[in-house]
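I have placed the structure first, in the form of structure tokens, so that the comments after it can refer back to it.
The values are calculated or read from the model by the stated rules, or taken from the named source; none is laboratory data. As the structure is a prediction and not an experimental result, all values here were calculated from the model. For the accessible areas, the whole protein counts, side chains as well, though only heavy atoms, and no ligand, DNA or RNA atoms are used. Shrake-Rupley method; radii C 1.70, N 1.55, O 1.52, S 1.80 Å.
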Amino acid sequence: MRALVLGSLIVLAVTGSAWAQDAPPEGPPSGQWRPDGPPPGGPHRGPLFISPMGEPFRGTPGGPAPQDAWFDGADARS
């Protein structure tokens, strides 16, 4: 009987705290990245390529594409 009462109190305490949570804000937070907006970090950030080994390659505006830099490096090693 004690186990049943104790278990019920624990369940009520856990679910009661979950019900007390505020609803998430409507829309994206101000000043952060949105899927329909520009990428975060401003216009100075170039395109990004993640190599198969997980190494990030970031291009520069007006420079070669980041995947081209990765392929050039991979071709030079073999």
Residue hits (segment 1-36; in a loop (DSSP other than H, G, I, E, B), modelled with pLDDT of 65 or more and open to solvent by 100 Å² or more (accessible area, probe 1.4 Å)) are M1, D22, P24, E26
How many residues does segment 49-68 contain that are modelled with pLDDT under 85 and either within 21 Å of the chain's Cα centre (by Cα) or outside any loop (DSSP other than H, G, I, E, B) (or both)?
2
Per the filter on segment 37-48, residues in a loop (DSSP other than H, G, I, E, B) and either open to solvent by 50 Å² or more (accessible area, probe 1.4 Å) or modelled with pLDDT of 80 or more (or both) are P38, P39, P40, P43, H44, R45, P47
